[in-house]
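Peer 1: Take this structure first; my questions come after.
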Amino acid sequence: MTERTASCSLEELLDEIEPLASAGQNEQNEMSSPQQNAGMGRRSFLKVAGAAGMGLVLAFSLEGRAKAASPGAETALNAYIRITPEGTIYIYSKNPEIGQGIKTAMPMIIAEELDADWADVKVEQSPINVTLFGRQNAGGSRSIARNWNSMREVGAAARHMLVQAAAIEWQVPATECTTKKSFVVHEPTGRRAAYGTLVEKAATLPVPPTASLRLKDREDFTLIGTRKGGVDNLAVVTGKPLFGIDQTLPGMLFAIYQKCPAVGGKAKSANLDEILALPGVKHAFILDGNGNDLELMPGVAIVATSTWAAFQAKEQLRVEWDEAEASKDSWSALQQAAEGLKDKPGKKVLHETGDADAATAAAATSVGAYYTYHFAAHANLEPQNCTAWFKGDTVELWAPTQSPTRGVTAVARLLGISQDAVMLHQTRVGGGFGRRLVNDYACEAAAISRAINAPVKLTWTREDDMQHDFYRTAGFHAFMGGLDEGGKLTAWQDHIITFSNDGEKPVIAAVPRQPEHEFPAHLVNNFRLSQSLLPLRTRCGLLRAPGSNTRAWAIQSFLHELSTAAGRDHLAFLLEIMGEPRWLPPRTPYGLNTGRAVDVIKLAAEKAGWNKTLPTGRALGLAFHFSHAGYFAEVADVSVDETKQVTVHRVTVAADIGAVVNMSGAENQVQGSVIDGLSVMAEQEITMEQGRIEQANFDTYPLLRMESAPIVDVHFIRSDNPPTGVGEPALPPLAPAVCNAIFAVTGHRVRTLPISKEGFFV
């Protein structure tokens, strides 16, 4: 498989997780109507009723027709609930839990419409089955947005059936019955029946048509918008085996897989006999790979009786690599090549309105700037791992993946078996951030298990993880902007210099997929966005808030350069750019509404005390960004001492993500985004020479320490807008807010990420 084909596969993955909607749909039709569900299509309800004691099982299927299962049968269903006669309400969460709280939030939506007492609810992870569940992944902050209406409908349908069962038993009109905290109540007579006592009757009733369901009004919510701890919290803090790396099987062996340090290299030979003689080593062999860098790269497998034995054997491994077609990428050479392009026009214009050149030339004040950001790794605390058991014509996997349905497809293709022959158990994920959207580690484990015909757990070392990542791309922005006599923005030019694996298409997330909607295209009359591409072999992928995590820094920092050049207050400058409240194209939940943007900018400034007096050496920095349908403004309170030590004292965040499902989880995600953004901004960089990644562990790719963590003050605007995601859009404004504050303190404009490249440290 060529690099170009691999890039296309990543683009297909981006199609799944990026929240893009067609321009012809409006917000109400796209997200709010109970008859529609963005990105999912129509789903109809499915009732599965068994013998007495089974309770009520309700879900919805892709096929849109009723099915039945025998008592105790294994049944894979999409986001369903099961109520036992004893009153326990099992709610299944279909999407991977990667720390974003979705395993709690999605069942909360169902429980709200069911009118369930949360104390009665038990949440379980669903099985993986693309036929019954549809898309199952975690990425793009889309889980809530995609499933909001369907989750509400499944809860409402179950509530309807329980009410009907009670009405029949009491011989009263169903319209006289209400529900509250897992009970059906008949107010005129005072009768009450627990859900568990009604399930057998309810299971015999027809499932109501979706169109007949009445969903709760927002003012009637009792669960959504409250604070609920994560359903796995106790298990996580007490060390229960929830994660992929925790899995064990009878007779299981332990593996490592060594790949060429330069992507594209192949193993010619290795000291396999010496490795086989080492303590605990059972197998050592070369795998040729399948030609797909997203699945199985060539390498050497070592299988031992323990992970430690495999790791120790790896230290003795000596491989002769064929690097004839391997990467020769050099970061220093790429930087030099970009320098040669920065003052030239972009080789391809992505979007243009007005006459940016003429407007810049005619401007009362023109400003130019050149921004650089490095490659970045995901650095998941749980390294890549997978447990696989090949059983002749089937394979069973236990994988911490963000994209389990794609994992099933990839493994089936690799092994040459049907997807029905692949059973994948989704485990809790110890950090995803986009890295685990690619299932290469699962493919490696499956290939090794097939080769030895035994169950095996594959674990990557930290060095493997750092040096064989799908990195957030590096890049460069050459800006030119123009201001009129009043300091108003009149011209904007952005020449993005980035990379291509095939010479034609930018690497994933390097440039906007819809350049005509890139901020501030709709807010300035003279706009040009262009690109120039440099050749690259290094594998790139999606990192939290793909694209936005770098473009927000460059754009919002340059806006601050412009407001400074105009001698204007940055808050006033941003608000002026937004103008009157209106929808910008495309008018969907994924198009920007300037009124909502203004509201979060004002709220962040107000809560941070924008005009307050601060001690010498301390200042506030403001930035806004809209991504993944989330509106976020952040104000960083920063001081810088004479040694360039940067202290971020507080970050005030204002957000509009529509209805907030779980306030506790949402705040947690914002806090995590701020810490994550600060960590990447401070010192994290990936560089390469001769195709080899130069960073290997946390000593050369440092994570933020606890003592550097700021106070994070989070404020959500409560609105009737449909819910969107929060795990990604809170990250992009952090870096520009901090860098704008650094300028306010020092007069030094940071134009390189990480800021350590310009002598600052956190």
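Peer 1: Ranked highest first by the average count of other Cβ atoms within 10 Å around their residues, in what order do 440-451, 714-725, 358-369 fall?
Peer 2: Numbers: 440-451: 26.8, 714-725: 18.8, 358-369: 16.3.
Ranking the peptides 440-451, 714-725, 358-369 by packing returns 440-451, 714-725, 358-369.
Peer 1: Using a basic spin-label model with each label point 7 Å from the Cα along Cα→Cβ, how many nm lie between residue 86 and residue 311?
Peer 2: Each label point lies 7 Å from its Cα, and together they span 4.1 nm.
Peer 1: Quick one: which residues, 5 or more positions from residue 499 or on another chain, have an amide H under 5 Å from its amide H? H modelled 1.01 Å from N in the peptide plane, none for Pro or chain starts.
Peer 2: Residues meeting the amide H criterion: 507, 534.
Peer 1: R0 = 30 Å: FRET efficiency of residue 322 with residue 696, Cβ-based, nearest 0.05?
Peer 2: Details: r = 23 Å, r/R0 = 0.76.
E between residue 322 and residue 696, to the nearest 0.05, is 0.85.
Peer 1: Highest first, please rank the peptides 85-92, 372-379 by the mean number of other Cβ atoms sitting within 10 Å of their residues.
Peer 2: Numbers: 85-92: 19.5, 372-379: 23.0.
The most tightly packed comes first, giving 372-379, 85-92.
Peer 1: Each label point is 7 Å from the Cα along the Cα-to-Cβ direction; what then is the distance between the points at residue 217 and residue 616, in nm?
Peer 2: Result: 6.0 nm between the two label points.
Peer 1: Run a plain Debye calculation on segment 614-656 (Cα atoms as equal point scatterers, no solvent) and give log10 I(q)/I(0) at q = 0.20, 0.24 Å⁻¹, rounded to two decimals, same order as the q list.
Peer 2: Relative scattering, expressed as log10 I(q)/I(0), comes to -0.65, -0.79.
Peer 1: Can you list residues from other chains, or at least 5 along the same chain, whose modelled amide H is less than 5 Å from the amide H of residue 592?
Peer 2: Hits under the 5 Å cutoff: 584.
Peer 1: Suppose each label sits 7 Å from its Cα in the direction of the beta carbon; what would the residue 285-residue 391 distance come out to in nanometres?
Peer 2: For residue 285 paired with residue 391, the spin-label model returns 2.1 nm.
Peer 1: Residue by residue through segment 428-435, what is 3J(HN,Hα) from phi via Karplus (6.51 cos²θ - 1.76 cosθ + 1.60, θ = phi - 60°)? Round to whole Hz and write x for glycine and proline.
Peer 2: 5, 10, x, x, x, 6, x, 4
Peer 1: Residue separation times 0.36 nm, minus the C-alpha to C-alpha distance between residue 419 and residue 233: what's the value?
Peer 2: Working: separation 186, 0.36 × 186 = 66.96 nm, distance 3.31 nm.
Computed gain between residue 419 and residue 233 is 63.6 nm.
Peer 1: A further question follows. Can you run phi through the Karplus equation (6.51, -1.76, 1.60; θ = phi - 60°) for segment 248-260 and list ³J(HN,Hα) in whole Hz, with x for Gly and Pro?
Peer 2: In residue order, the calculated couplings are 9, 9, x, x, 6, 9, 10, 10, 10, 9, 9, 10, 4 Hz.
Peer 1: Give me the extension gain from residue 189 to residue 353: residue separation times 0.36 nm, minus the current Cα-Cα distance, reported in nm with one decimal. Intermediate results must be reported in sequence, preceding the final value.
Peer 2: Working: separation 164, 0.36 × 164 = 59.04 nm, distance 6.89 nm.
Extra length from residue 189 to residue 353 when fully extended: 52.1 nm.
Peer 1: If you don't mind, there's one more thing I want to ask. Could you please tell me the mean projected area of the C-alpha convex hull for segment 394-536, averaged over all directions and given in square nanometres to one decimal? Walk me through the intermediate numbers first.
Peer 2: Numbers: hull surface 49.5 nm².
So the Cα hull casts an average projection of 12.4 nm².
Peer 1: Go through 122/181; 342/505; 122/457 and tell me which ones have a Cα-Cα distance over 25 Å in this structure. If you can, show how the numbers build up before the last one.
Peer 2: Details: 122/181 15 Å; 342/505 19 Å; 122/457 30 Å.
Pairs exceeding the cut-off: 122/457.
Peer 1: Okay, which of segment 233-257 sit inside 19 Å, backbone N to the point 7 Å along the Cα-Cβ direction of residue 452?
Peer 2: 244-257
Peer 1: Taking a spot 7 Å from the Cα of residue 343 along the direction of its beta carbon, which residues of segment 537-580 have an amide N less than 11 Å from it?
Peer 2: The answer is none.
Peer 1: Kindly provide the helix-only [θ] at 222 nm of the chain, computed as the sum of -39,500 (n - 2.57) over DSSP H runs of four or more divided by all residues, to the nearest 500 deg cm²/dmol? Before the final figure, lay out each step's value.
Peer 2: Values: 18 runs with 211 residues, N = 762.
Mean residue ellipticity at 222 nm (helix-derived): -8500 deg cm²/dmol.
Peer 1: So if we plug the beta-carbon distance of residue 663 and residue 204 into 1/(1 + (r/R0)^6) with R0 = 41 Å, what FRET efficiency do we get, rounded to 0.05?
Peer 2: Numbers: r = 39 Å, r/R0 = 0.94.
After rounding to 0.05, the efficiency reads 0.60.
Peer 1: If r is the Cβ-Cβ distance from residue 122 to residue 569 and R0 is 60 Å, what FRET efficiency results, to the nearest 0.05? Don't skip to the end; give the middle numbers.
Peer 2: Working: r = 53 Å, r/R0 = 0.88.
The computed FRET efficiency comes out at 0.70.
Peer 1: With the cut-off at 1.5 for a/c, could you classify segment 601-728 from its C-alpha gyration tensor as rounded, prolate or oblate? Intermediate results must be reported in sequence, preceding the final value.
Peer 2: Values: a/c = 2.42, a/b = 1.30, b/c = 1.87.
Oblate.
Peer 1: Dividing the Cα convex hull volume of segment 509-622 by residue count, how many Å³ per residue is that? Could you put the intermediate results ahead of the total?
Peer 2: Working: hull volume 19.0 nm³, N = 114.
Cα-based convex hull of segment 509-622, divided per residue, equals 166 Å³.
Peer 1: In whole angstrom, how long is each semi-axis of the equivalent ellipsoid of the chain, when you take the square root of 5 times every eigenvalue of its Cα gyration tensor and sort them from largest down?
Peer 2: On the way: eigenvalues 371, 279, 97 Å².
Semi-axis lengths for the chain are 43, 37, 22 Å.
Peer 1: Would you please report the Å³ per residue occupied by the convex hull of the alpha carbon atoms in segment 199-346?
Peer 2: Normalising the Cα hull of segment 199-346 by residue number yields 385 Å³.
Laboratory data are not the source of any read-out in this text; all were calculated from the coordinates shown. Everything numeric here is computed off the predicted structure, so don't read it as measured data. Here Cβ is always computed from backbone atoms with ideal geometry, including for glycine, and neighbour counts include all displayed protein chains.
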